[in-house]
Amino acid sequence: MRRTMMFLPGNNPNMIINGGILGSDSVILDLEDAVAPDQKDAARELVKNALESVDFGGCEIIVRINALDTPYWVDDLEAVIPLKPDMIMPTKVSGAEYCRTLSAKMDEIEEKCGIPVGTIKLIPLLETAIGIENAFAIATSTPRMEALYLGAEDLTADLRCKRTKEGNEILYARGRLVTAARAAGIEAYDTPFTDVEDLEGLAKDAAFAKSLGYTGKAVISPRHVETVNRIFSPTIAEVDHAKAVFRAIEEAKRQGKGAISLNGKMVDAPIVMRARLVLENAKAMGMEVEEI
């Protein structure tokens, strides 16, 4: 289950060392925005050493690399791919060809290192107008594709609008990205909420993203992890309802009924699909869930 993805600056050894105890499901070791140009080599070496020696406590490990129009991205890949992070997060992704170019280089490095080609997945960062418009092409560009991730700060700069807590300016982009991801059969992750102190605003923003269909949300502060995890976790009431759906299905089968109802409402395919997803997520969290 990937509810939270916590950014850890690639040039901050203290944060990286403590990454596994911050409570997030994934950690993003950042070689891009968090690192000044004159610190790229040092950060890359630090991240490489961390992948070799730091215990991240079972967290999924993602490395955000530099954009393909910089001189850094190949060195980033050659440093980290031999150590098999779970995913690579490319930045400023503009279209399908961008991802295919990146994937081809990953093929080359994996093969050279004796890693089965395609092992390391991609979660591209869509943070430009052209990237949003090409979301579905990006989502279907390579078998490595695991999810799409929305980056609102750079996107609003590209759109020439103000980034607000309310997020009306990114509503279209949020909808476009999650629709493209779901159409491609992959996951969608929301942009961070950047006000570290406003936990109420964070909860509202995360709940709205969940209502649109997002699987989880990136965070930039350890203070945000608990709230986002809670919002994107199934509630006890949701789990109980999902269990009731499957009990109703079993009872209908026992009675030989074709139509199924629960609390006076018909149980159709979308309801069953949502119930199954709730129980799968609950099971991933370690909650007691019978086999379905």
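Read-outs: derived from the displayed coordinates by stated rules, not from any lab. All figures in this text were calculated on a predicted structure; none of them were measured in a lab. With ideal geometry, Cβ positions are generated from the backbone for all residues, glycine too; neighbour counts draw on all protein chains shown.
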Residues A129 and T101, FRET efficiency given R0 of 22 Å [Cβ-Cβ distance, rounded to 0.05]: 0.60
Dipole magnitude of the chain about its Cα centre (Cβ charges: Lys, Arg +1; Asp, Glu -1), debye to nearest 20: 1200
Fewest-first sequence of C113, C59, C99 by Cβ atoms within 10 Å of each Cβ: C113, C59, C99
Reach of K283 by Cα under 24 Å, taken over lysines that are not fewer than 8 positions away in the same chain: K121, K210, K217, K243
Entry for Cα extents along the principal axes in Å (calculated from the structure that is shown) out of (1) 55, 44, 39; (2) 69, 46, 36; (3) 61, 46, 38: (2)
Fewest-first sequence of R182, R247, R176 by Cβ atoms within 10 Å of each Cβ: R247, R182, R176
Added length on full extension, which subtracts the Cα-Cα distance from 0.36 nm per residue, D55 to E200: 49.0 nm
Residue-span extension gain [M266 to A157] - 0.36 nm each, minus C-alpha spacing: 34.6 nm
Residue among N281, A104, A242 farthest towards the positive dipole end of the chain, charges placed on Cβ: A242
Longest to shortest principal axis, alpha-carbon extents of the stretch 1-157, angstrom: 38, 38, 36
Relative exposure of D38, D69, D198, judged by other C-beta atoms within 10 Å (fewest first): D38, D69, D198
